[in-house]
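Contents: one structure, followed by commentary.
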Amino acid sequence: MIDLNEQKLFDIIKKYIPDLTQTEEFDFSDAYSLSRNARYEFKCRRTHYDDLLIEKIKWDKLIKCDNVRYINSTPIGVYAFDLKVIKEPFWSERKMPISTEFENKNKSIKLVGFINIRDGKDITLLIKKFL
């Protein structure tokens, strides 16, 4: 239903936030908006889960920002989370791929938590306007 990658998702969100700017490759977030004083992190999942994964190392960096959104797409929908208002996830160690987008399929232990889609805002209809 919704086939997005992070670049497409960024491009669509930019239509709503014209000053949205991508960060450098190794920045802790994917984008920022000066007018909204906000940071944005985008994740595009190939499978739908009601509980969406976030790494603790990512959470710890993002949560320090005054205004931060974690935006996830799945084949079923797109969900935006205000990390400042949702409850911090329960953290547990999981053996996870080092990277999901590159050739390296080796695994390492990562501290991760899950955020339920009910804790976010379903922005699927906003995104579909531009697909």
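One residue stands out in region 105-123 among those that are modelled with pLDDT under 95 and not in a strand (DSSP E or B): the one that is farthest from Lys43 (Cα to Cα), namely Asn106. Among residues of region 119-131 that are surrounded by 15 or more Cβ atoms within 10 Å (Cβ to Cβ), those with a beta-carbon under 9 Å from a residue that is among the basic types (Lys, Arg) at least six positions away or on a different chain give the pairs Asp119/Lys87.
Among the residues of region 64-87, those that are over 19 Å from Leu20 (Cα atoms) and either surrounded by fewer than 20 Cβ atoms within 10 Å (Cβ to Cβ) or without any contact (Cβ under 8 Å) to a residue 60 or more places away in the chain (or both) comprise Lys64, Pro75, Ile76, Gly77, Lys84, Val85, Ile86, Lys87. Within region 56-104, the set of residues being farther than 22 Å from Ile12 by Cβ, aromatic (Phe, Trp, Tyr) and either at pLDDT below 95 or in a strand (DSSP E or B) (or both) comprises Phe102 only.
Within region 23-44, the set of residues being crowded, with 17+ Cβ neighbours inside 10 Å and of a type outside the set (Gly, Ala, Ser) comprises Asp30, Tyr32, Arg39, Tyr40, Glu41, Phe42, Lys43, Cys44. Summed over region 30-55, residues that are modelled with pLDDT under 95 and of a type in the set (Ser, Thr, Tyr) total 2. Within region 28-47, take every residue that is in a loop (DSSP other than H, G, I, E, B) and either among the hydrophobic types (A, V, I, L, M, F, W, C) or in contact with a helix residue (DSSP H, G or I) (Cβ under 9 Å, 6 or more places away or on another chain) (or both) and give me the one that is farthest from Leu111 (Cα to Cα). Among those that are in a loop (DSSP other than H, G, I, E, B) and either among the hydrophobic types (A, V, I, L, M, F, W, C) or in contact with a helix residue (DSSP H, G or I) (Cβ under 9 Å, 6 or more places away or on another chain) (or both), it is Leu34.
Sort out which residues of region 1-36 are farther than 21 Å from Ile76 by Cα and of a type in the set (Val, Ile, Thr), and write them in order of number. Residues satisfying the conditions are Ile17, Thr21, Thr23. In summary, Pro18 fulfils each of the numbered conditions (1) in contact (Cβ under 8 Å) with a residue 60 or more places away in the chain; (2) more than 12 Å from the chain's Cα centre (by Cα) with the single exception of condition (1).
The values are calculated or read from the model by the stated rules, or taken from the named source; none is laboratory data. In this text the structure is predicted, and so the values were computed from the model without any measurement. Ideal geometry is used to build each Cβ from the backbone, glycine not excepted, and the neighbour counts take in all protein chains shown.
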